[in-house]
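Report on the following structure.
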Amino acid sequence: MKLILLKDTDGKKEEAVFQEKILAEMKKENVQGKWQVVRVADMGIYNKGVAVKILPEGFTYTGLSLDDIPALVRTSIKEGRELGEKSYGLKDKQVKIVLRNCGRIDPENIESYLESGGYQGLKKVLLELKPEQAIEELKESGLRGRGGGGFPVWMKWQFARKPESAEKFIICNGDEGDPGAYMDRSVLEGDPHSVLEGMLTAGYLVGANKGYFYIRAEYPLAITRVQNAVEQARAYGLLGENILGSGFSFEVDIRLGAGAFVCGEETALIASVEGKRGYPSPRPPYPSVKGLWGKPTVINNVETLANIPVVFSRGGKWFSSIGSPTAKGTKVFALTGKIKNSGLVEVPMGITLREIIYDIGGGMLNSYDIKAVQTGGPSGGVISREYLDTPVDYENLQKLGSIMGSGGMIVIDESDCMVDLAKFYMNFCVDESCGKCAPCRIGTTQMLEYLDSVSKGKAREDDLPRLKKVAMAVKKASLCGLGQTSPNPVLSTLRYFEEEYLEHIREGKCRAGKCKDLLQYSILQDQCRKCGLCYRNCPVNAITGNNKQGYIIEREKCIKCGNCFDVCKFEAISRG
Amino acid sequence: MITANINGIPVHVRKGTSILEAARKININIPALCKHPDLDATAACGICVVKNNGGGKLLRSCCTPLEAGMNIVTHDDELQEIRKTVLELILSNHPEDCLQCARNNNCELQKMAADFGIRSNPLHRINKGIAPDISTKSINLVPDKCILCGRCINVCQNIQNVWALSFLERGIKTRISAAGDINLADSPCIKCGQCSAHCPTGAIAEYDETSRTWKALYDTEKYCVVQIAPAVRVAIGEAFGYPEGENLTGKLYAALRKLGFKAVFDTSFGADLTVMEEATEFAQRFVNKTGPLPLITSCCPSWVDFMEKYYSDMIEHFSTAKSPQSMVGVLSKTYYAQENKIDPAKMFMVSVMPCTAKKYEITRSEDMFASGYQDIDVSLTTRELARMIKQAGINFEGLPAEEPDHILGDYTGAGVIFGATGGVMEAALRTAHFFVTGENAGIMDFESVRGLKGVKETTVDIAGNKIKVAIAHGIGNVEYVLNKIQQARDEKKELPYHFVEVMACPGGCVGGGGQPYGVTDRLRVSRAKGLYLDDIKQDYHYAHENPYIKKVYDDFLGKPLSEKSHKLLHTVYTPRPLYRR
Ligand SMILES: Cc1cc2nc3c(=O)[nH]c(=O)nc-3n(C[C@H](O)[C@H](O)[C@H](O)COP(=O)(O)O)c2cc1C
Ligand code: SF4
Ligand code: SF4
Ligand code: SF4
Ligand code: SF4
Ligand code: SF4
Ligand code: FES
């Protein structure tokens, strides 16, 4: 059975009229039997007029008038196609530059890429523009690195262009170590040529003849697709000697990432390509001056490079028309958490968090209210819901205590505990700290200790200033970005949700019920039927009593396993 | 030259100078825990952070070059707070064990904690609990005390080119170990101890033999004798507050007697003897072609170990003469014992060396038992001796200078310069000249063999023969010389050298792994200068003129390379191909 969900999101209760109209149109089209039209209480969409969602396809339309219904029924219900103009969310606010070809072209066929305008940007750079003009174009585009730092791409290329050197290198950073992110993978798998084109462009402008794809070993399909793209490009004279007769030669190699998060950090990545232990090293010297094998090296993220062909084919000016004052173009986010539509979304810079969450993501998954948004991957920060209307760009996120990072975006609701959350991310940082520098190596472990003691109700109030002090030192004195950002989960949760920390400390209470050690189990005597099931199921005999007098839980003995809670048939065990 | 501001003071420095160095030039010390003047910055500790132009990202001053127009602030409330917190972090992961530590009172971490006035540490204790590695009997690895500054690895890889050490595991579990997580004794380690000399903490220290020495000294059955190496005399003063490079030979003899040694010898006598044997070997190979050239010196046990592991095809080039330490060792239990009617079985020979590898040398092969006993019972480092002197309550400063015991204590200027890079070569050439020509070299230009250049190559004229020599110090520098020799040999080309000296430690033994902590090039130069001044002060400057050397040959050995010298003063080398890089 197929479903049509219906709701007037303005609360004007016009569902009935629309339902009738839809049913009538379906009869006309003779499709009525297979469909059920359901009026629902909540669709995660608000203030968008009448909304309709068609399942299982998931087409979603908002702002419908009765006049739209005939077309809607014909196309989406009868023919099973999406109706462009009224389509909501995912279509609505997204702008596809990086993901322009993903899912649209055959990633294993260079012809398919060429048909979609591929290698036009490169051609322009090689054959029409002077290198200075090209750099100028790039500058005008306002494109900044998508690997986290947001460094202006033109400047990085200019730095590497300047020094005289017989050898220079371009590295495509496809390490993507952030566990929640998969945009680079999608691009490498879905549109490998655009990344290759970006690298070639970089190579030409910088004066490099050799490029490396550094790709996570866990991405076998991406590796195969890139290999395939490289071979095809070579066959088409787009790689190798004297590309397109321009006199420019370029070769690429693929290197597999070792799996450590820190190996995505540029200096560690370079060490790893050189066959050394993947430790970051101090900058300066920056890779653009002294990088791989000591030579000027441009290292750019996959997403950054995938933007390059568009910058040149459509022009820097066009590119800069999209985005916010300080950040141009789009950003791909991996949207997930307590949200209806999880997935990759590509949005123009400057869009608000609210738009991403509600208009694209379809709003909250469950009945809980939104509490915060976590951005930037494991060492990013949380942003409280008061700031949902902030336009998303590098500077704004940073001001709010988070980062753009690789583009992770996790929606958090009231059922999440902020201490637990910070602990979760800190655990990641402790595991991923490479151990080279003291502030990060020891500081992350210390922060975890503090968070752990808060979550267990063992912390004292004066631990919080200590935790902050450690966090500041780690942020300021760590060598690489991992350490420098690792305190973000702590600092940002403390910034917006200190009262939750204090609740844990002062009242021994976790309002979300996530911190197990703070849970108290007790038997609600008026609800208890004295069946003794809990008594028999407690593994440590913490429940005493008998079927005459009833039962009680001895707190000191209870290990908080929750068995009693689970087995009680009468909801007579309270947890809190 | 560039100009910038540090704490409002203008500084002019060469381009490339780090902020840390630049600040030192204007008497501002930025605390630094992982940077060592000998080594490139590893940027591991994070203590040295400073601000530029009022904020933003902090810079690590140890590895960030000062740039024109920078406005650096090295100290303010925020920086102090951050540094102190980082130090507290390091201490929270460090055993509070100063009282039982090899570095107590002489530790860079401890000093920093004292300077920062750390009185308590509010942070959680994070203990390590990693077992120490005492497999080499030369140096101990105590990973619990390691602050992961990376200096040891840096020195072992980049200066020594041995690659014995590495960090294992990641994050908070990171630990220092022999590479491959094996025992150091089974690793490529050559026991040079440079790691220990550069370690800021007690994480790598000499294998301590002072207890065994005390026990022997207090054992009335034992007849304890001692020898001190050249380089010890010009470095031990650092432990007692003397100026750099001050020669304290006389006080040392006195102190050793006060410790209870019945006879005090000088390894420089052994050096004279080594010169006699080695120069004879050289002259024979050079004149009579009795063996292949170049002749390569063998008095540094780390070098011998390295060669046996990696360049065993060079064995035939090695001088078979034992090291000065070993020569004095064997003669004390043979010749000296005989002359003085002492039962060698009761003799306990202690050597005081600038060196951790000498601890290994004393049992490295059967030849080290040539007297019929273990020739040298214990080898101590300069650092251990300094501690013993203090422990014995000897007022070192107040001691009047004494003379060594005769024969095995009497040395020439040639012997004493063995302690500096180039010294062995210089001493040997002085005597080789005599052996080849029958007369002493006039004023020869030996300056080209002195100094801290990594590889010194020069040509010396002996009776119209151009002797090509090379001197390498710091094992990392040896590859260049050996490659040249191998290449010429393989291509059957003219010999690049006739005579090669190698010392494992940068600067030679004055910069040895067992010397007082805190070595820098300036200190290496000062210590070497102390030895060259000692040479000038001596009555004799040629080993072959040492009347006691003559006497030992007359009384006991016969002549250089005699059968007896072969038995007592020479050794053989064994390839140890088990180690491959
Ligand atoms: C711990 C850490 C991990 C990183 N991981 C990645 C990564 O997986 N992919 C990436 O492109 N950049 C990563 N970066 C950022 C890189 O260091 C570098 O800034 C980036 O590749 C530059 O490319 P862009 O200028 O195009 O952003 C990481 C940085 C840090 C500190
Ligand atoms: S900040 Fe952390 S990950 Fe980065 S170098 Fe230091 S220890 Fe390694
Ligand atoms: S290494 Fe230094 S700080 Fe550590 S226990 Fe030893 S003396 Fe104390
Ligand atoms: S003793 Fe020398 S060779 Fe051995 S680990 Fe230390 S520095 Fe390396
Ligand atoms: S052993 Fe010493 S020198 Fe080596 S890393 Fe540890 S503290 Fe540094
Ligand atoms: S150079 Fe001297 S101190 Fe260093 S290992 Fe050799 S003999 Fe020992
Ligand atoms: S001294 Fe600069 S980081 Fe340690």
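The values are calculated or read from the model by the stated rules, or taken from the named source; none is laboratory data. Since the structure is predicted, the reported quantities are computational estimates derived from the model, not experimental observations. Every residue, glycine among them, receives a Cβ derived from its backbone with ideal geometry; neighbour counts consider all protein chains shown.
Structural remarks
- Test: residue in the range A:291-305 that is farther than 25 Å from A:TYR204 by Cβ and within 14 Å of chain B (Cβ to nearest Cβ): no
- Scope the range B:331-388; condition aliphatic (A, V, I, L, M) and assigned to a loop (DSSP other than H, G, I, E, B); matching residues: B:ILE342, B:ILE362, B:ALA370, B:ILE376
- Applying the set (1) in contact (Cβ under 8 Å) with a residue 60 or more places away in the chain; (2) buried (at least 24 other Cβ atoms within 10 Å of the Cβ); (3) closer than 27 Å to B:ALA543 by Cα to B:ILE467 leaves exactly one unmet item: (2).
- Total residues in the range B:67-109, condition part of a loop (DSSP other than H, G, I, E, B) and more than 16 Å from ligand 2 (Cβ to nearest atom): 18
- All helices (runs of 4 or more DSSP H) inside the range A:78-182 with 3 or more residues being surrounded by fewer than 21 Cβ atoms within 10 Å (Cβ to Cβ): A:110-115, A:131-141, A:153-161
- Across the range B:162-178, the number of residues qualifying as in contact (Cβ under 8 Å) with a residue 40 or more places away in the chain and more than 7 Å from chain A (Cβ to nearest Cβ) comes to 5.
- Extreme residue, nearest to A:GLY562 (Cα to Cα), among residues of the range A:495-514 that are of a type in the set (A, V, I, L, M, F, W, C) and surrounded by fewer than 21 Cβ atoms within 10 Å (Cβ to Cβ): A:ALA512
- Residue within the range B:296-304 that is within 14 Å of B:VAL572 (Cβ to Cβ) and more than 16 Å from ligand 3 (Cβ to nearest atom) present: yes
- Tallying residues that are more than 9 Å from every other protein chain (Cβ to nearest Cβ), modelled with pLDDT of 95 or more and assigned to a loop (DSSP other than H, G, I, E, B) within the range B:51-66 yields 2.
- Matching residues, the range B:188-203, being within 6 Å of ligand 4 (Cβ to nearest atom) and closer than 13 Å to B:ILE153 by Cβ: B:CYS189, B:GLN194, B:CYS195
- Any hit, the range B:566-581, residues being more than 29 Å from B:VAL162 (Cβ to Cβ) and part of a loop (DSSP other than H, G, I, E, B): no
- The range B:149-161, residues that are within 11 Å of another protein chain (Cβ to nearest Cβ) and near ligand 4 (Cβ under 9 Å from one of its atoms): B:ILE153, B:GLN157
- For B:ASP76, the stated conditions hold: it is within 14 Å of chain A (Cβ to nearest Cβ), surrounded by fewer than 17 Cβ atoms within 10 Å (Cβ to Cβ) and out of contact with any Ser or Thr (no Cβ under 7 Å at 6 or more places or on another chain).
- B:LYS191 vs. criteria in contact with a helix residue (DSSP H, G or I) (Cβ under 6 Å, 6 or more places away or on another chain), in a loop (DSSP other than H, G, I, E, B) and more than 30 Å from B:ARG364 (Cα to Cα): no
- Looking only at the range B:25-50, and only at residues there that are crowded, with 16+ Cβ neighbours inside 10 Å and not in a loop (DSSP other than H, G, I, E, B), the one that is nearest to ligand 2 (Cβ to nearest atom): B:VAL49
- Within the range A:414-463, the set of residues being closer than 12 Å to B:GLY171 by Cβ and in a loop (DSSP other than H, G, I, E, B) comprises A:SER433, A:CYS434, A:GLY435, A:LYS436, A:CYS437.
- Failed criterion for B:ILE153 (all others in (1) within 16 Å of ligand 7 (Cβ to nearest atom); (2) buried (at least 23 other Cβ atoms within 10 Å of the Cβ); (3) closer than 30 Å to A:LEU448 by Cα; (4) of a type in the set (A, V, I, L, M) hold): (2)
- If only residues of the range A:264-280 that are surrounded by fewer than 24 Cβ atoms within 10 Å (Cβ to Cβ) and part of a helix (DSSP H, G or I) are counted, the one that is nearest to the other protein chains (Cβ to nearest Cβ) is A:THR267.
- Every test in (1) within 30 Å of B:ALA179 (Cα to Cα); (2) touching a strand residue (DSSP E or B) at 6+ places or on another chain (Cβ under 6 Å); (3) not in a loop (DSSP other than H, G, I, E, B) is passed by A:PRO287 save one, and that test is (3).
- Of the residues making up the range A:433-472, those that are within 16 Å of ligand 1 (Cβ to nearest atom) and crowded, with 24+ Cβ neighbours inside 10 Å are A:SER433, A:CYS434, A:LYS436, A:CYS437, A:PRO439, A:CYS440, A:ARG441, A:GLY443, A:THR444.
- Summed over the range B:82-99, residues that are of a type outside the set (Ser, Thr, Tyr) and within 7 Å of chain A (Cβ to nearest Cβ) total 5.
- You will find that of A:LEU238, A:LEU244, the residue that is touching a Leu at 6+ places or on another chain (Cβ under 6 Å) and aliphatic (A, V, I, L, M) is A:LEU244 and no other.
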